[in-house]
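The values are calculated or read from the model by the stated rules, or taken from the named source; none is laboratory data. Given the structure is predicted, the values throughout are model-derived calculations rather than measurements. We place every Cβ from the backbone using ideal geometry, glycine too, and count neighbours over all the protein chains shown. The area values use the complete protein model at the heavy-atom level, side chains included, leaving out ligands, DNA and RNA. Shrake-Rupley method; radii C 1.70, N 1.55, O 1.52, S 1.80 Å.
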Amino acid sequence: MDATIATFLIQDGLTNGAIYALLGLAIVLVFAVTRVIFIPQGEFVAYGALTLAILDTGQVPATPKLLLCFGAVAFLLDLWSWRRSFAMRDLVKNIALNLGLPLAIYGAVLYLAPLQLPSFIRALIAVSIIAPMGLYVYRIAYRPLADASVLVLLITSVGVHLAMLGLGLIFFGPEGLRAAPLHDGSFTLGPLLVTAQSVLIYLMTILIMVGLYFFFEKTLLGKALRATAVNRLGAQLVGVRTQLTGSTAFVLAATIAAISGVLLGPITTIYYDTGFLIGLKGFVAAILGGMGSFPITAIAAIGVGMVESFASFFASNYKEIIVFGLIVPVLIWLSLGANHHEED
Amino acid sequence: MTGSLLDLKNIHVSYGHAEVLHGISLSMEPGSIVTVIGANGAGKTTLLNAAMGVVPSTGTILYDGKPVPRSVEARVAAGMCLVPEKRELFGSMSVEDNIELGGFLRTAAERNETRGELYDRFPRLAERRKQLAGTLSGGERQMLALARALMSRPRLLLLDEPSLGLAPKIVADILRIVAELRTTGVSVLLVEQNARAALEIADFGYLVELGEVKRTGPAGELAVDPALMESYLGVG
């Protein structure tokens, strides 16, 4: 290996690491707030990338229809719990959120898809189709289980993952798709060829991290999410509804996943089942960060990207084993260092 | 209708197969301080948790003459607020953030107004605004828990053992603040092991023993009852 190859590997690792960082942050966020291990994350990534790829061809993707179905199920569930209150306000909210929103998105996509809009707008459309799915997935699968144990929630996550994987196969088919780059340009930096797409990935990653920082530090809703993570009962006692923090966490995570998909779609071919492995690598980073620390997760994610890219050069057959093997020593270390005392 | 603020009727609570409250009834007038006293394990904390909806119970709970909402959060929105025995603060967040979150259901203007009043009342908290709640001393933590609760502008404050583990001088401070709350229109349901101190500021008292109400009466009468003094207040 010479220096040129090394710099290419580093660049590759950094680009993938940035994506893993986003996914890792979303996993930590969802886990801290809802105790859900967000395995279906990868499906949101794949949906985002595939939706963008289909939008690139000027066709209408199937995901808005899927969004309508999700919304309809959420509507029925909300209607069922509505029988307890019969408040007009709740019904209006239910109709607007679960039927109105997906219909509006569906209509907008139907109108906008054939227009050959600029790539950034297409990416924006793809993200706004996928992001609300987080809300409905939370409403349908997780909200009824708000008080369940972590294990039950994990099993639910596996179920949601498999269901969304199957839906992905139905709607997108088994062929892989690759989206057009959001920006075609590239420039050379010394010996390096840097594509605009990878610069875009770094910028978006930094932007999302800064955005999350401000959300959690400066806004009341962000503080409420942190409070829920720190002390669930305490948050209830100040009137923070579990539903509110849960759906916010899921919408944020789905948005982050969809953005990752849109960023990743142009640099690699995405199949309906590609997302799972990508999401798992974000999960590795989240575990390295102890499922609780945002900064450590982000740094670990870069590390995961680096290890992966060098492993694919030196031992490409064992690439995945090496990456997932990283978890083992960390789990041993964490279990040794765990001090099981209660604090508030 | 008597116009009670809170009416508990025949409240039963079980943990698994063990029933810990065997049909407790309690009623309190608006603007009053009612105290529930009794030995350790009598079910006082459970009673407060049941009133707040933190533990499931059977029986009737009327708040302001109407059945109380189901969820804890909806009860907070209706003006009830519990300061639990363990305080349940947000330890890794700043004092300021803890207070801010207390007013989660209020508007920004209401929050600003109440926060100003609270910092005047608890200057100690104003000094430690930037500190993490987990680093506060026991008395400061209790003050923060109280301040956080008051940020929700409650009509009914449920206080669980506010004096637990605190130095006598701080206990006196806290109970004085509780007594002052009444003048601002806040009613208080106070659970205390320190029965003597509680009866001093309360209007009415309930003595709970093994999950049942044993005695009720105006606080002044309970405080001078010789039999009660001996068994619960400690002589001397």
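Just a few scattered comments:
- Peptide B:95-108 has a mean shielding of 4, counted as Cβ atoms of other protein chains within 10 Å of each residue's Cβ.
- Partner shielding of A:225-235 amounts to 6, given as the average count of beta-carbon atoms from other chains within 10 Å of each residue beta-carbon.
- Rounded to the nearest whole angstrom, the semi-axes of the ellipsoid equivalent to the range B:93-153, taken from the Cα gyration tensor as √(5λ), stand at 18, 11, 10, largest first.
- Put the Cα centre of the range B:1-71 next to the Cα centre of the range B:75-113 and the gap is 22 Å.
- Here, P(r) means the percent of Cα pairs in each 10 Å bin from 0 to the largest distance; for the range A:292-340 it is 24, 44, 25, 6, 0.
- Note on the protein assembly as shown: the alpha carbon radius of gyration divided by the globular reference 2.2 N^0.38 Å gives 1.14.
- Spherically averaged projected area in nm², based on the convex hull that wraps the Cα atoms of chain B: 12.8
- Rg in Å to one decimal, and Dmax rounded to a whole Å, for the range A:185-236 via C-alpha atoms: 18.3, 56
- Over the range B:14-142, the fraction of Cα-Cα pairs per 10 Å bin, rounded to whole percents and listed from the shortest bin up, is 10, 33, 34, 20, 3.
- Residue A:161 contributes about 20 Å² of solvent-accessible surface, heavy atoms of the protein only, 1.4 Å probe.
- Each listed q (0.15 Å⁻¹) maps to a log10 I(q)/I(0) for the range B:1-60, found by the Debye formula over equal Cα scatterers with no solvent: -0.45.
- Considering all different alpha carbon pairs of the range A:1-43, the Kirkwood hydrodynamic radius works out to 12.0 Å.
- Applying both filters, DSSP loop and at most 13 other Cβ atoms within 10 Å, to the trypsin sites (Lys or Arg not before Pro) of the range A:56-150 gives A:83, A:84.
- Given R0 = 35 Å, the distance between the Cβ atoms of residue A:210 and residue A:85 translates into a calculated FRET efficiency of 0.30.
- FRET efficiency for the residue A:6 to residue A:96 pair, using the beta carbon distance and R₀ = 56 Å, is estimated at 0.55.
- Extending 7 Å from Cα along the Cβ direction at residue A:187 and again at residue B:127 yields two label points whose distance is 5.5 nm.
- Computed over chain B with a Gaussian network model linking Cα atoms closer than 10 Å, the most mobile of B:180, B:192, B:127 is B:127.
- Site pair residue A:65 and residue A:146 shows an inter-label distance of 3.4 nm when each label is modelled 7 Å from Cα along Cα→Cβ.
- Within the range A:90-175, none of the chymotrypsin sites (Phe, Trp or Tyr not before Pro) combine a DSSP coil assignment with at most 12 other C-beta atoms in a 10 angstrom radius.
- Convex hull volume per residue in cubic angstrom - Cα atoms of the range A:26-292: 139
- Across all Cα atoms of the range A:202-344, the radius of gyration (one decimal) and Dmax (whole number) stand at 17.6, 54 Å.
- Amide H partners (placed H, <5 Å) of residue A:186, local residues excluded: A:196
- Too-long pairs where the Cα-Cα distance tops 22 Å, listed order kept, from B:9/B:214; A:223/B:130; A:93/A:218; A:218/A:281; B:44/B:214: A:93/A:218; A:218/A:281
- Taking every residue in B:81-87 and counting other chain Cβ atoms within 10 Å of its Cβ, the average works out to 3.
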